[in-house]
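Student: Have a look at the structure that comes next, please.
The values are calculated or read from the model by the stated rules, or taken from the named source; none is laboratory data. None of the values given here were measured: they were computed from a predicted structure. Positions of Cβ are backbone-derived with ideal geometry, glycine not excepted, and every protein chain shown enters the neighbour counts. Keep in mind that these areas ignore ligands, DNA and RNA; they rest on the heavy atoms of the full protein, side chains included. Shrake-Rupley method; radii C 1.70, N 1.55, O 1.52, S 1.80 Å.
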Amino acid sequence: MAASITYTISGTLGPVLSGSDPLGANGESGVLTATAGATLTPTKHTATSATYTLPAGAITVNIDGTSYGTTGTSTLEFTFPAAGPDTMVFSATLSVDGFTGTVVGTASLAKGSFTKAALKHPTVFKPSPQTLTPAKKAKGPGSKVEYDLAILGGSSTLGVSGTASSAK
């Protein structure tokens, strides 16, 4: 069995940056976890980013102790631009009470957290763990969680304070 790497974004969700927060996640604990095979190759890449497609169930979501299932394939993207922070973005289809929506978790990491090796295969970032600074605007920089559950009343973007980690 090939080695895998686990990436985790955990902490307190909030403040609400946009939307109606139909899950009532503001102020609650949240954990997003993605598990990626260390031998995956990117489905898309540039000179400063790589996107990996993960199988169904590779991303888990937990808000205030309630686990929400993810369905279908998910993505994990690493970006390390020439200027600004490195980022790690999880995207998945979410199932809540039989309804489907989407969730996107963004961790804003220290510049240089990823090496160029992340363009070829998932790698751990260093240092790990790192403290996350919450976004101040929905479309601005910083760490955040976005979800869209139109059937339950809409979408929301919340900042996230806590940590991001990676481990083999």
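Student: Over the chain, what is the relative contact order in percent, taking alpha-carbon pairs closer than 8 angstrom and at least six residues apart? All intermediate terms of the calculation are to be shown ahead of the outcome.
Tutor: Working: 478 pairs, mean separation 47.1, N = 168.
It rounds to 28 percent for the chain.
Student: Now for a separate question. With a 1.4 Å probe and all protein chains in place, put VAL61, VAL124 in order of accessible area, largest first. All intermediate terms of the calculation are to be shown ahead of the outcome.
Tutor: Details: VAL61 10, VAL124 45 Å².
In descending accessible area the options line up as VAL124, VAL61.
Student: I'd like the trypsin sites (Lys or Arg not before Pro) in region 112-141 restricted to DSSP loop residues with at most 12 other Cβ atoms within 10 Å, sorted by number. Before the final figure, lay out each step's value.
Tutor: Details: sites: LYS116, LYS120, LYS136, LYS137, LYS139; in loops: LYS120, LYS136, LYS137, LYS139.
Here the trypsin sites (Lys or Arg not before Pro) that fit, given the DSSP loop and packing criteria, are LYS136, LYS137, LYS139.
Student: Under a Cβ-only charge scheme (Lys and Arg +1, Asp and Glu -1), can you give me the dipole magnitude of region 30-168 about the Cα centre, in debye to the nearest 20? Walk me through the intermediate numbers first.
Tutor: On the way: 10 positive and 6 negative charges, 118 e Å.
Dipole about the Cα centre, nearest 20: 560 debye.
Student: Leaving ligands, DNA and RNA out of it, rank PHE99, PHE90 by accessible area with a 1.4 Å probe, largest first.
Tutor: Numbers: PHE99 80, PHE90 5 Å².
I get PHE99, PHE90, largest accessible area first.
Student: Related question: Hey, rough spin-label estimate for SER29 and SER67, points 7 angstrom out along Cα→Cβ, what's it come to in nanometres?
Tutor: Here the answer is 1.5 nm between the modelled labels.
Student: Further question: Given a 1.4 Å probe and every protein chain left where it sits, what share in percent of the accessible area of region 5-137 is carbon and sulfur?
Tutor: Values: 3470 of 6010 Å².
For region 5-137, the apolar C and S fraction of the accessible surface comes to 58 percent.
Student: Among THR60, THR46, THR12, determine the one that fluctuates most according to a GNM of the chain built with springs between C-alpha atoms less than 10 Å apart.
Tutor: THR46
Student: Is region 1-92 rounded, prolate or oblate when judged by the Cα gyration tensor, a ≥ b ≥ c being the square roots of its eigenvalues, rounded requiring a/c under 1.5 and prolate requiring a/b larger than b/c? Numbers along the way, then the final one.
Tutor: Values: a/c = 2.23, a/b = 1.39, b/c = 1.60.
Note, shape of region 1-92 comes out oblate.
Student: Check the chain and count each lysine pair with an alpha-carbon distance under 25 angstrom, considering only pairs eight or more places apart or from different chains.
Tutor: Lysine pair count for the chain: 23.
Student: For the chain, with every protein chain kept in place, what is the accessible area per residue (1.4 Å probe, Å²)? Provide the component values of the computation, followed by the final result.
Tutor: Working: 7740 Å² over 168 residues.
In whole numbers, the chain has 46 Å² accessible per residue.
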